[in-house]
Amino acid sequence: MWTVAKPLEKAGSDRELHAFAREVFTRLKGGTFVWDPPNVPAGVTVDTTISATDTDCEQLEGLRAGMAITVTPPSTLESGVVVGACWVAADDTLTIRLANATAAGINPASGTWAFAGTVI
């Protein structure tokens with residue numbers, strides 16, 4: 001469903017293309033944030049919820065519950081730590097599931113993570 005008024009002009013007009021571009025832009029959300037993941041014990045998964053009110057995470061403001069989202073870890077993410085899933089359960093928050101596929105605990109270093117999401 002459109003959030004902006006649908007143009008009354010013929011298909012492909014400048015006004016219609018502008019309205020379509022504005023609609024697409026309002027549905028996209030992306031950026032980067034600095035995050036220090038928690039310790040991930042051997043052979044388990046850890047879910048962590050990050051909020052737009054957390055330090056260095058204000059870019060998460062505008063995320064909406066249920067939106068499709070992906071995250072990209074920093075290239076320095078320790079070997080053995082796997083991003084298992086991510087989701088937006090509540091507005092302005094992001095939950096990331098990390099898994100440790102090794103036999104020893106890993107405490108990932110702080111780094112810059114990227115995210116991209118779309119309101120459906």
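Brief remarks on what is shown
- Residue pairs whose Cβ atoms lie under 8 Å apart, separated by 6 or more positions or on different chains, with the first residue in segment 66-86 and farther than 16 Å from Gly43 by Cβ and the second at pLDDT below 95 and outside any strand (DSSP E or B), are Gly66/Ile120; Met67/Val119; Met67/Ile120; Ala68/Ile120; Ile69/Leu63.
- Taken together, Ala85, Ala42 contain a single residue that is assigned to a strand (DSSP E or B), closer than 29 Å to Gly105 by Cα and either at pLDDT 95 or above or within 13 Å of the chain's Cα centre (by Cα) (or both), which is Ala85.
- Residue check for Leu98: among the hydrophobic types (A, V, I, L, M, F, W, C), touching a helix residue (DSSP H, G or I) at 6+ places or on another chain (Cβ under 9 Å) and either surrounded by 13 or more Cβ atoms within 10 Å (Cβ to Cβ) or within 17 Å of Gly30 (Cα to Cα) (or both): no
- Test: residue in segment 52-67 that is under 13 Å from the mean Cα position of the chain (by Cα), polar (S, T, N, Q) and not in a helix (DSSP H, G or I): no
The values are calculated or read from the model by the stated rules, or taken from the named source; none is laboratory data. Not measured: the values here are computed from a predicted model. Please note: Cβ atoms are built from the backbone with ideal geometry, for glycine as well, and neighbour counts cover all protein chains shown.
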